[in-house]
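Everything on this sheet refers to the single structure shown next.
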Amino acid sequence: MLNGKTILLIVTGGIAAYKSLILVRRLREGGATVRTVLTAAGEKFVTPLSVSALSHEQVYTDMFSLTDEAEMGHLRLSQEADLIVVAPATADILAKMANGLADDLASTVLLAADAPVLVAPAMNHRMWRHPATVANMAALEARGVQRIGPNDGSLAEDESGPGRMAEPEEILAAVEAALGAAHRPLAGRRALVTSGPTYEAIDPVRFLGNRSSGKQGHAIAAALATLGAETVLVTGPVALADPVGVETVHVESAREMLAACEAALPADIAVCAAAVSDWRAGQVADRKMKKEDRGPPDLPLTENPDILATLGRSARRPDLVVGFAAETENVVANAQAKRARKGCDWIVANDVSPATGTFGGDANRVHLIRADGVEDWPRLAKEDVAHRLAGRIAEALENENRESLRAEAAE
């Protein structure tokens, strides 16, 4: 997603500026060229030398430098960027952006920008909540400026609240999502995603189920659609709105989910994020079972169909099959065994122990397990996990297409 892209990073004055050094490293590791504008206040927290050492590029600080203007003027800085990232974005720079001020290099570049802009706000919680900042941020978002954070937590003044700059990994995921939305690398591809729990009837009012909210699966479907894929979402019972731009099929049981998945084939991509019940009642009562009728019911169970394994071994198998492994112990080892057992290409493993808050929560910490190794991702919002996974899928299919073209050319 980042390979060959040029990111213009604007670092303003805030204690969170140290995180921008980590962000520069992460962006370069992804293959991006990173050019940096450092404000006068930003130089109080990080130095041009440290930024340049990590970016391997000149750092720009002075709007009136004749050398800089001759070699790389402020208009070219913005025009040659695929994305502009402001991190940290202080209340001051947000106010300048919202009101069209241009009194230094950073604000001038932003006013002249045609490229999409992503801001990572960072400030005291009182400043973030001030009506002026709220109005400025609303105005910027109405103009299409994207935002990541701020997070809620400890602040520099021994206070707590919303105002912490998003972590570098969160910003990286947002950068990947913004770039993916711009070039839609999955256009022409068809994706199948499963989401949510399944409910297996015991009688007309009771069922076997689990605590899956469907938030992660729905976010993945939306992220794949954003990258241009024609996306079908097969979802169990959830309290979520259908993602925009996605064909959504509602089911209840595992057998219904499998039938809907098979009906959605052929597909290039399958992501099985649903928490499918492993078992169902061997016999469903035709009326509500009452306590006074008898004691605790004898409830023989029957194994449900394995949707992931079925898709992985199907004659119409998608090019890339991705499963999820919800584990409470030995997360990576269990998921690696599951990948081999199910016949899928990738497994996304996550810890769903009660203490993690993964089931039903808004964040997730996953491990992407492939044949060539394991990627350990930090704890991210589920939307950011989805965008990062969609980006990895796009990269894999693009690489596969390039290899196929090379093979055809060699013949």
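The values are calculated or read from the model by the stated rules, or taken from the named source; none is laboratory data. Since the model is a prediction, treat every value here as computed from it, not as a measurement. Note that we place each Cβ from the backbone using ideal geometry, even for glycine, and neighbour counts take in every protein chain shown. Surface accessibility is based on the protein's heavy atoms, side chains included, excluding ligands, DNA and RNA. Shrake-Rupley method; radii C 1.70, N 1.55, O 1.52, S 1.80 Å.
Evaluating 6.51 cos²θ - 1.76 cosθ + 1.60 at θ = phi - 60° for every residue in segment 94-102, the Karplus couplings come out as 5, 5, 5, 4, 5, 10, x, 7, 8 Hz, glycine and proline recorded as x. Computed extension gain for ILE22 through ASN399, at 0.36 nm per residue and net of the alpha carbon distance, reaches 133.0 nm. If R0 is 22 Å, the Cβ-Cβ spacing of ARG129 and LYS44 corresponds to a FRET efficiency of close to 0.35. At what distance in nm do the modelled label points of HIS56 and THR328 sit from each other, each positioned 7 Å from its Cα along Cα→Cβ? That separation, rounded to one decimal, is 4.7 nm. Labels on offer are [x] 33, 26, 22; [y] 45, 25, 18; [z] 45, 29, 18, and the one holding semi-axes √(5λ) of the Cα gyration tensor in Å computed from this structure is [y]. Each Lys and Arg adds +1 at its Cβ and each Asp and Glu adds -1 at its Cβ; summed about the Cα centre, segment 1-112 shows a dipole of about 480 debye.
Distant-in-sequence amide contacts of ALA166, defined by a placed amide H-H separation under 5 Å and a gap of 5 or more residues or a different chain, comprise ASN151. Put simply, the amide H of VAL119, placed in the peptide plane, has neighbours under 5 Å in VAL86, GLN146, ARG147, ILE148, leaving out anything fewer than 5 places away on its chain. Taking 7 Å steps out from each Cα toward its Cβ at LEU101 and ASP362 produces label points 3.0 nm apart. Measuring nothing but protein heavy atoms, the accessible surface of the chain at 1.4 Å probe radius is 50 percent carbon and sulfur. Dipole magnitude for the chain: computed about the Cα centre from +1 point charges on Lys and Arg Cβ and -1 point charges on Asp and Glu Cβ, it is near 860 debye. With a Förster radius of 25 Å applied to the C-beta separation of MET289 and SER353, the computed FRET efficiency comes to 0.20. Once backbone amide H atoms are built at 1.01 Å from N, TRP279 has ASN304 as its partners under 5 Å, excluding neighbours fewer than 5 places away on the same chain. When the alpha carbon gyration tensor of segment 210-317 is reduced to an equivalent ellipsoid, its three semi-axes come out at 32, 17, 10 angstrom, largest first. Mean projected area of the convex hull spanned by the Cα atoms of segment 99-186, taken over all viewing directions: 6.9 nm².
Per residue, segment 186-244 exposes an accessible area of 35 Å² to a 1.4 Å probe, with every protein chain left in place. Here the calculated FRET efficiency for ALA142 and ASP242, from their Cβ-Cβ distance with R0 = 25 Å, stands at 0.50, rounded to the nearest 0.05. What 222 nm value per residue comes from the helices of the chain, counting each DSSP H run with n ≥ 4 as -39,500 (n - 2.57) and dividing by all residues, nearest 500 deg cm²/dmol? Value at 222 nm, helices only, nearest 500: -11000 deg cm²/dmol.
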